[in-house]
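Take a look at the structure below.
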Amino acid sequence: MGLFGRVVVRVLPVMPRFIVGLVAKRYVAGEDLESAVTIMKNLGAKEGCSFTIDVLGEEISNMEEAKHFVNEYDRLIDAIVENDLEANLSVKPTAFGLLIDEQKAYANMEALFAKAAEHDIFVRLDMEDHRVTQATIDIVLRMHGKGITNVGTVLQSRLFRTPDDVRAVCNALGPQADFRLCKGIYLEPEDIAHTKYHPINTAFAESLSLMLDSGAYVGIATHDKPLIHDALEQLRSRGMTPEGPDPREGAGPARPGKGAGYEFQMLLGIRGEIRRKLRKSGHPVRVYIPYGERWYEYSMRRLRENPDVAVHITKAFLMPWTNRR
Ligand code: FDA
């Protein structure tokens, strides 16, 4: 962590809410579902991208709190259907109670996945910190075992275990394996994770290669230019194009609303210019849309976890015209 990052972590507890709000405005769709729908309609019409929607909040402290997420995701599915949005769901298992009551959390999630499946809506399990890596993968495997196949998870290139996880999931699910690959937002201990930029990037490229060679569907989730260039090269060398079909041996069937074996994924408000460029070249791009009342906690947590984001806050504060989605 740089000097600036360390300073930010110190001042975080007294940082005025309105400053955090300035940043949140760019990265969070709004406090309610209606704001998220408006943003998706506009972006979808302008850029032709698709979406994955996250109801803000994670790790609850009692099962009563899980009801908020159960109800909100239920409303969200209805809104996707009513507004004919090209959108899937991003879900954090700890928000459904995974760390409190595993059985109830499973029941909560299974009901959600089943309702989503009725409408051909895919559900992505966001990956949280290393305490729940295996448990999150297990949810996906168990659901597929029950015939609920509209579910996939995220793997984080910073974790040493990720290549083994890619192999294990691909062995278990075959052509149904469907990943999002990202670097990982959680600053994990160095005995289990890469902690520096270059090793994390090298691991990202290697895991992407492994996923593509296994025939899995991959959501390539990064804003990092060298990684995007590498990904484009990896796709090109395998003959994977936006137009499809997916030429890989052992690749899964075409998936509703998805690309031919891959898509790029980006967070709302970050590097819109790259997103638009990828879209112009025809690549499928999915934008991650977080919304909800808990925007303040979300932004503070992101800041605490990755103080480099503070550079963007400072920029947004001093040069608000640069702070666009
Ligand atoms: P890197 O951090 O090197 O950023 C590259 C460039 O992007 C920066 O130089 C900057 O310009 C810009 N940038 C990146 N983050 C920014 C920010 N917050 N504000 C402004 N600019 C920023 N993680 C996780 O642990 N579990 C998960 O489930 C997910 N899910 C997920 C979904 C999607 C769609 C994306 C894009 C990312 C995630 N992540 C995630 C987060 C991911 O692990 C990672 O922390 C961030 O994407 C930043 O890493 P980059 O690959 O973008 O590279």
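The values are calculated or read from the model by the stated rules, or taken from the named source; none is laboratory data. Given the structure is predicted, the values throughout are model-derived calculations rather than measurements. Note that each Cβ is placed from the backbone with ideal geometry, even for glycine, and that neighbours are counted across all protein chains shown. These accessible areas exclude ligands, DNA and RNA; they are computed on the full protein's heavy atoms, side chains included. Shrake-Rupley method; radii C 1.70, N 1.55, O 1.52, S 1.80 Å.
Annotations for the structure displayed:
Here is a yes/no grid of residues against (1) farther than 20 Å from Lys258 by Cα; (2) more than 16 Å from the ligand (Cβ to nearest atom); (3) out of contact with any strand residue (DSSP E or B) (no Cβ under 9 Å at 6 or more places or on another chain):
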residue: Ala29; (1), (2), (3): yes, no, no
residue: Met40; (1), (2), (3): no, no, no
residue: Glu47; (1), (2), (3): no, no, no
residue: Phe51; (1), (2), (3): no, no, no
residue: Asp54; (1), (2), (3): no, no, no
residue: Glu58; (1), (2), (3): yes, no, yes
residue: Asp84; (1), (2), (3): no, yes, yes
residue: Phe96; (1), (2), (3): yes, no, yes
residue: Lys115; (1), (2), (3): no, yes, yes
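- Qualifying position, being away from the ligand (no atom under 12 Å from the Cβ), without any contact (Cβ under 8 Å) to a residue 24 or more places away in the chain and open to solvent by 50 Å² or more (accessible area, probe 1.4 Å), among Glu243, Glu233: Glu233
- The residues in segment 136-158 that are open to solvent by 10 Å² or more (accessible area, probe 1.4 Å) and out of contact with any helix residue (DSSP H, G or I) (no Cβ under 7 Å at 6 or more places or on another chain) can be counted, and the count is 5.
- Boolean, Leu210 is part of a helix (DSSP H, G or I) and touching a helix residue (DSSP H, G or I) at 6+ places or on another chain (Cβ under 7 Å): yes
- Close pairs from segment 161-189: first on the phi > 0 side of the Ramachandran plot, partner assigned to a helix (DSSP H, G or I) and within 11 Å of the ligand (Cβ to nearest atom), Cβ under 9 Å, at least 6 apart: Gly184/Ile200
- Test result for Ile100, within 16 Å of the ligand (Cβ to nearest atom), open to solvent by 20 Å² or more (accessible area, probe 1.4 Å) and not acidic (Asp, Glu): no
- The set of residues in segment 213-267 that are assigned to a loop (DSSP other than H, G, I, E, B) and basic (Lys, Arg) comprises Arg238, Arg248, Arg255, Lys258.
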